[in-house]
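Have a look at the structure below before the remarks.
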Protein chains: 2
Amino acid sequence: MTASTDGALEDDVPVAFQDPGYREAVVDLLGVIAYGEISAFERLAEDAKLAPTLEDKVAIAAMASAEFGKVALLHERLTDLGADPFAAMAPFRGAIDLFHEHTRPADWYEGLVKAYVGDGLANDFYREIAAYLDTATRDLIVSSLEDTGHSAFAIDRVRAAIVADHRLGGRLALWGRRLMGEALTQGQRVAAERDALSALLAGGVDRPGLDLAAIGRMFTRLTDRHAERMAELGLAS
Amino acid sequence: MTASTDGALEDDVPVAFQDPGYREAVVDLLGVIAYGEISAFERLAEDAKLAPTLEDKVAIAAMASAEFGKVALLHERLTDLGADPFAAMAPFRGAIDLFHEHTRPADWYEGLVKAYVGDGLANDFYREIAAYLDTATRDLIVSSLEDTGHSAFAIDRVRAAIVADHRLGGRLALWGRRLMGEALTQGQRVAAERDALSALLAGGVDRPGLDLAAIGRMFTRLTDRHAERMAELGLAS
């Protein structure tokens with residue numbers, strides 16, 4: 001470990017940042033999470049229009065605001081790393097916008113399932129990656145992904161709706177599979193285009209990496225948690 | 001002044017609340033402000049789609065989240081007053097929804113002018129009413145109306161756009177007048193329907209009221225401030 005001797009710099013820049021590829025990957029990761037939260041805000045605000053009651057509308061607007069509230073800290077860290085937050089987000093707009101375009105909810109319940117299952121999946125994936133990062137970056141990412149306490153709302157509403165209309169359960173189960181498929185498609189697209197981000201998982205100076213078998217186990221964990229969330233909603237996965 | 005002797009109740013319920021009409025008016029006022037902020041959130045989130053750049057989109061989404069962030073305190077106070085927040089907001093949905101329906105921005109700049117001029121006008125009006133209320137309610141209302149620091153953004157963007165396209169200035173000046181007209185129309189509708197709220201301005205136990213001349217002066221102040229805001233945007237009023 002080397003100690004920082006220049007007080008004018010960040011007082012605890014981890015040694016991992018001496019590798020320019022690592023810095024680039026962290027900038028990518030913070031950029032994709034920040035843009036993901038901005039577009040989650042937009043999508044939830046759009047879903048709020050479909051809310052059957054004013055109570056539901058307020059609940060979903062609260063989720064939207066909570067997502068947006070996490071963007072500022074991510075932008076700050078990007079600026080601290082000498083990156084422009086908007087330039088950092090730009091490479092991920094295509095994939096994330098396309099994900100949302102291909103998974104436009106047809107009604108209120110598809111919106112709720114998407115908010116719960118789609119965000120849950122993305123957050124699990126970012127958490128998996130964060131485990132391979134320096135402590136400061138990891139803590140920032142984990143806290144920016146914290147459930148803002150609204151999962152219970154989605155679970156409650158979806159379960160009640162399925163009880164009232166059994167056919168809805170079948171449709172929403174298919175919807176959950178489509179969300180998973182589209183997330184994998186766009187995730188692979190990002191991995192193919194962003195070398196630094198993919199290289200991150202392979203490890204580097206001062207950081208352990210993942211071999212293929214470990215990556216396989218990671219996908220198994222993501223799939224298992226997706227199935228758990230679907231089950232919480234009362235849906236087959 | 002009477003002192004509260006029951007520690008289980010609110011520790012400083014003002015004497016004005018002994019008048020049931022006063023309580024009803026405060027519930028109305030908190031309800032209309034809360035619903036106004038929820039619909040401001042929705043409208044700003046909608047305008048974010050028109051943003052020409054991602055920077056603009058983030059700026060307007062931040063305004064939307066800030067508006068929504070004020071709702072929780074108003075709802076808490078309504079609950080403290082023994083009112084159901086959603087029942088308190090319900091009577092104002094018609095007028096506020098109609099205001100937004102009649103003033104749908106045709107483009108990004110109309111949206112910015114509406115956010116700045118429309119919200120400014122509503123906030124001035126609520127502040128005028130708040131001056132006649134007990135201190136605790138007044139402080140809550142005034143803090144819930146605080147500019148969240150985004151006015152400078154609207155002014156900057158609109159002024160730059162007018163310099164680049166002079167015809168835009170003429171169109172936006174007309175738009176500002178339409179916003180004022182529609183706000184007065186819907187405001188009068190609310191005043192006609194909500195007796196307690198209108199009676200509030202006439203004063204009561206422990207509170208001074210307004211005579212017709214004072215109401216006239218209040219409207220002059222509102223109009224003057226509207227003209228100032230239009231001038232700040234570089235627009236004739």
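Points worth noting:
- Residues (crowded, with 20+ Cβ neighbours inside 10 Å, among the hydroxyl-bearing types (Ser, Thr, Tyr) and under 30 Å from B:TYR22 (Cα atoms)) located in the stretch B:98-131: none
- Residues that are within 13 Å of chain A (Cβ to nearest Cβ), crowded, with 16+ Cβ neighbours inside 10 Å and either under 16 Å from the mean Cα position of the chain (by Cα) or touching a residue at least 12 places away in the same chain (Cβ under 8 Å) (or both), drawn from the stretch B:73-91: B:LEU74, B:HIS75, B:LEU78, B:PRO85, B:ALA88, B:MET89, B:PRO91
- Residue that is surrounded by the fewest Cβ atoms within 10 Å (Cβ to Cβ), among those in the stretch A:132-173 that are β-branched (Val, Ile, Thr) and closer than 23 Å to A:PHE219 by Cβ: A:VAL142
- For A:ALA61, the conditions (1) crowded, with 20+ Cβ neighbours inside 10 Å; (2) more than 14 Å from chain B (Cβ to nearest Cβ) all hold with the exception of (2).
- Subset of the stretch A:63-74 (residues that are farther than 13 Å from A:GLY36 by Cβ and not polar (S, T, N, Q)): A:MET63, A:ALA64, A:ALA66, A:GLY69, A:ALA72, A:LEU73
- Verdict on A:ARG159 being in contact (Cβ under 8 Å) with a residue 24 or more places away in the chain and touching a helix residue (DSSP H, G or I) at 6+ places or on another chain (Cβ under 6 Å): no
- Some residue of the stretch A:92-115 being touching a helix residue (DSSP H, G or I) at 6+ places or on another chain (Cβ under 7 Å), among the basic types (Lys, Arg), more than 14 Å from chain B (Cβ to nearest Cβ) and in contact (Cβ under 8 Å) with a residue 24 or more places away in the chain: yes
- Restricting attention to the stretch A:21-50, the residues that are of a type in the set (A, V, I, L, M), surrounded by fewer than 22 Cβ atoms within 10 Å (Cβ to Cβ) and within 10 Å of another protein chain (Cβ to nearest Cβ) total 0.
- Each residue in the stretch B:122-169 was checked for being more than 18 Å from B:ARG225 (Cβ to Cβ) and assigned to a helix (DSSP H, G or I), and 21 of them qualify.
- The one condition in (1) within 13 Å of chain A (Cβ to nearest Cβ); (2) modelled with pLDDT of 95 or more; (3) more than 18 Å from A:ILE60 (Cα to Cα) that B:GLU55 fails to fulfil: (2)
- Of all residues in the stretch B:182-197, those that are crowded, with 16+ Cβ neighbours inside 10 Å have Cβ atoms under 6 Å from Cβ atoms of residues that are of a type in the set (D, E, K, R) and modelled with pLDDT of 85 or more, 6 or more apart or on another chain, in B:ARG194/B:ASP28; B:ALA196/B:GLU24; B:ALA196/B:ASP28; B:LEU197/B:ASP28.
- The single condition among (1) among the acidic types (Asp, Glu); (2) surrounded by 16 or more Cβ atoms within 10 Å (Cβ to Cβ); (3) closer than 20 Å to B:ARG189 by Cβ; (4) within 14 Å of chain A (Cβ to nearest Cβ) that B:GLU67 does not meet is (3).
- Test set (1) within 26 Å of A:ASP147 (Cβ to Cβ); (2) touching a residue at least 12 places away in the same chain (Cβ under 8 Å); (3) touching a Leu at 6+ places or on another chain (Cβ under 9 Å) - A:GLY203 fails condition number: (1)
- Flag if B:ASP119 is of a type in the set (Asp, Glu), within 30 Å of B:GLY203 (Cβ to Cβ) and in a loop (DSSP other than H, G, I, E, B): no
- Filter result (under 12 Å from A:ALA183 (Cβ atoms) and either among the aromatic types (Phe, Trp, Tyr) or at pLDDT 95 or above (or both)) within the stretch A:104-125: A:PHE125
The values are calculated or read from the model by the stated rules, or taken from the named source; none is laboratory data. None of these values were measured; they are calculated from a predicted model. Ideal geometry is used to build each Cβ from the backbone, glycine not excepted, and the neighbour counts take in all protein chains shown.
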